[in-house]
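The values are calculated or read from the model by the stated rules, or taken from the named source; none is laboratory data. These numbers come from a predicted model, not from an experiment. Positions of Cβ are backbone-derived with ideal geometry, glycine not excepted, and every protein chain shown enters the neighbour counts. What goes into the accessible areas is simple: the full protein's heavy atoms, side chains included, and nothing from ligands, DNA or RNA. Shrake-Rupley method; radii C 1.70, N 1.55, O 1.52, S 1.80 Å.
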Amino acid sequence: MDAELRRGLAEIVGSKGITDAGVVSPADEEQVAAVLRLCAERGARAAVTSGTAGRGGGPPEGAAVLLSLAPLTGLSVDAPAAVVRAQAGVPLETLRGACEQAGTALVATMATRSPAPA
């Protein structure tokens, strides 16, 4: 990551929101959008991760930034309305526990990607 991109990212997320390895951790959705806008303007590729992935390293090959959504942990469960809202950084175990406490169940499946056409 070049110095100009780093300065711009630090202006968005603060100096504590970016690591030397290039992991950027926005505090809210507005910062996520601003980081992605800046990367697009600079032609810098961004990889996205949630949870704890990315805490031990930097961006994957070909990406200038690893955008960590781990700080986004907002969670609400409205069981009577059958509505659950969870931000991208909420661990699945936490989400399941919140649903159980509200007297409801969470059924989650893992999506799989289809192979790219040849």
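Return a whole-number percent for the relative contact order of the stretch 31-96, with Cα pairs under 8 Å and 6 or more residues apart as the contact set.
25 percent
Give the accessible area for V32 in Å² (nearest 10); use a 1.4 Å probe, count only protein heavy atoms, and leave out ligands, DNA and RNA.
Surface accessible to solvent at V32 totals approximately 20 Å².
Note down the accessible area of S15, probe 1.4 Å, to the nearest 10 Å².
90 Å²
In Å², what does the accessible area per residue of the chain work out to with a 1.4 Å probe?
66 Å²
Express the relative contact order of the chain as a whole percentage, based on alpha carbon pairs under 8 Å and six or more residues apart in sequence.
19 percent
Could you work out what % of the accessible surface of the stretch 1-62 is carbon and sulfur, using a 1.4 angstrom probe and leaving DNA, RNA and ligands out of the count?
47 percent
Take A21 and R96, extend 7 Å from each Cα along the Cα→Cβ direction, and tell me the distance between the two endpoints in nm.
Here the answer is 2.7 nm between the modelled labels.
Tell me, what does the Kirkwood hydrodynamic radius of the chain come to in angstroms if you use every pair of distinct C-alpha atoms?
Values: mean 1/r = 0.0629 Å⁻¹.
Roughly 15.9 Å, rounded to one decimal.
For n ≥ 4 DSSP H runs only, could you compute -39500 (n - 2.57) per run for the chain, divide by its residues and tell me the 222 nm figure to the nearest 500?
-9000 deg cm²/dmol
Quick one: if you stick a label point 7 Å off each Cα along the C-beta vector at L106 and R7, how many nm between them?
Here the modelled spin labels are 4.2 nm apart.
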